[in-house]
Amino acid sequence: MKQTMVIVGLGLIGGSLALALKGFEDFEIVGVDVSQPTLRYAAEHGVGDRVTEDAAAELPQADVVALALHPQGIVDFLARYRDAFKPGALVWDVCGVKTAILEAAQVLPGTVDFIGCHPMAGTEFSGVEHAFAEMFRDSHFLLVPRDDSRPEHIALLERLAAYIGCKDVCRTTAQAHDALIAYTSQMMHLIAVSVCDDPELFQCRGFEGSSFRGCTRVAALDVPLWTQLFTMNSKALGSALEELEGNIRTYRQAIEAGDTTTLVEKLSYSAAR
């Protein structure tokens, strides 16, 4: 018997999921979005088996629901549709913060199983027109189950991750996930935009090296998305930034003082790591 998987939000990640999951087991992949241009593009380019703007009509029949909205959009969607999900359904998300999302999922009735997920993939672009089926190839799939998550749903997500090309599935906690992402992703985006804040940026055009381009590549970010990611992970991100500020301050003080001993010690330590 064919089952239904609804993907809510057909942006870069949701659209790529809809493309990557075509043919997955016995699921019909249904894309949901409120943007008419997005829906037209998705329909014309086969993003999912079918698309619609009517979430309320799809949720009561959906066996699995993937939430690929911005973080606050997921929080709002869960609150709005808390009673619309099919009893026994699996609901999961792809968001880059987990503590806030799992807290928001507590509004769901006990008959609905919510599992936090984060396929660690993306580009500096946004929108369904940049979606592609190979987005998740060789990426990590982070899985944050709750204490009452059903084993069959965890197994389903593990098979799904393998189907879309992820190289592994890593189980973790919401707190550990958010600390990891604060350090490896969110802080790096803040470094990129901070470098681009310098008034000399455009005076250096044409003279930048590959290290500069690599550092600043992600600065052209989706502003509403990253504003939410930063603020909804403020505790973990604040700790990571405090550590970074301390390291940079030490380097600056050593450079200004001509303290080559400290510079050699710190540079050697980091280079070896």
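See the values below:
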read-out: At 1.002 mPa s and 20 °C, Stokes D of the stretch 147-219 from Kirkwood alpha-carbon radius, µm² per second; value: 137 µm²/s
read-out: DSSP-loop chymotrypsin sites (Phe, Trp or Tyr not before Pro) across the stretch 189-273, with at most 10 other Cβ within 10 angstrom; value: Phe207
read-out: Within the accessible area of the stretch 197-273 (1.4 Å probe), percent carbon and sulfur; value: 56 percent
read-out: For the stretch 220-273 versus the stretch 170-191, the gap between their alpha-carbon centres in whole angstrom; value: 15 Å
read-out: Calculated diffusion of the stretch 93-222, Stokes-Einstein form, Kirkwood radius summed over Cα pairs, 20 °C and 1.002 mPa s, µm²/s; value: 127 µm²/s
read-out: Between 0 and 90°, nearest 10: helix 234-257 axis offset from the chain longest Cα axis; value: 20 degrees
read-out: Given 15 as the ceiling on other Cβ atoms within 10 Å, longest exposed-site-free region of the chain for GluC sites (Glu not before Pro) in DSSP loops; value: 125-199
read-out: log₁₀ of I(q)/I(0) at q = 0.20, 0.21, 0.24 Å⁻¹ - the stretch 59-170, Debye sum with one point per alpha carbon; value: -1.13, -1.23, -1.46
read-out: Estimated inter-spin distance, Glu245 and Tyr269, nm [label 7 Å along Cα→Cβ]; value: 2.0 nm
read-out: Sum of -39500 (n - 2.57) over DSSP H runs of 4+, divided by residues of the chain (222 nm, nearest 500); value: -13500 deg cm²/dmol
read-out: Accessible surface, per residue, of the stretch 4-56 when the full set of protein chains is kept, probe 1.4 Å, Å²; value: 37 Å²
read-out: Rg/Rg_globular for the stretch 218-263, with Rg_globular taken as 2.2 N^0.38 Å and Rg from C-alpha atoms; value: 1.64
read-out: Gyration tensor over alpha-carbon atoms, the stretch 14-69, equivalent ellipsoid semi-axes in Å; value: 16, 15, 9
read-out: Average projection area in nm² (convex hull over Cα atoms of the chain, one quarter of hull surface); value: 16.8 nm²
read-out: Where only C-alpha atoms are counted, convex hull volume of the stretch 1-116 per residue in Å³; value: 92 Å³
read-out: Met120 - accessible surface, heavy atoms, 1.4 Å probe, Å² rounded to 10; value: 70 Å²
read-out: Net lengthening on full extension, Ile255/Met188 (0.36 nm per residue, minus Cα-Cα); value: 21.8 nm
read-out: Where the Cα pairs of the stretch 184-273 fall when distances are cut into 5 Å bins, in %; value: 2, 11, 17, 18, 20, 18, 10, 3, 1
read-out: Solvent exposure of the stretch 84-196 as accessible area per residue, Å², 1.4 Å probe; value: 43 Å²
read-out: Solvent exposure, largest accessible area first (probe 1.4 Å, DNA, RNA and ligands not counted), of Thr99, Thr231; value: Thr231, Thr99
read-out: C-alpha center-to-center spacing [the stretch 9-61, the stretch 64-126] in angstrom; value: 16 Å
read-out: Lysines whose Cα lies under 30 Å from that of Lys98, excluding same-chain neighbours fewer than 8 positions away; value: Lys22, Lys86, Lys167, Lys235
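The values are calculated or read from the model by the stated rules, or taken from the named source; none is laboratory data. This structure is a prediction, so every number in the text was calculated from the model and none was measured. Reconstructed Cβ throughout: ideal geometry from the backbone, glycine too, with neighbour counts over all protein chains shown. Note: accessible area is taken over every heavy atom of the protein model, side chains too, but ligands, DNA and RNA are not part of it. Shrake-Rupley method; radii C 1.70, N 1.55, O 1.52, S 1.80 Å.
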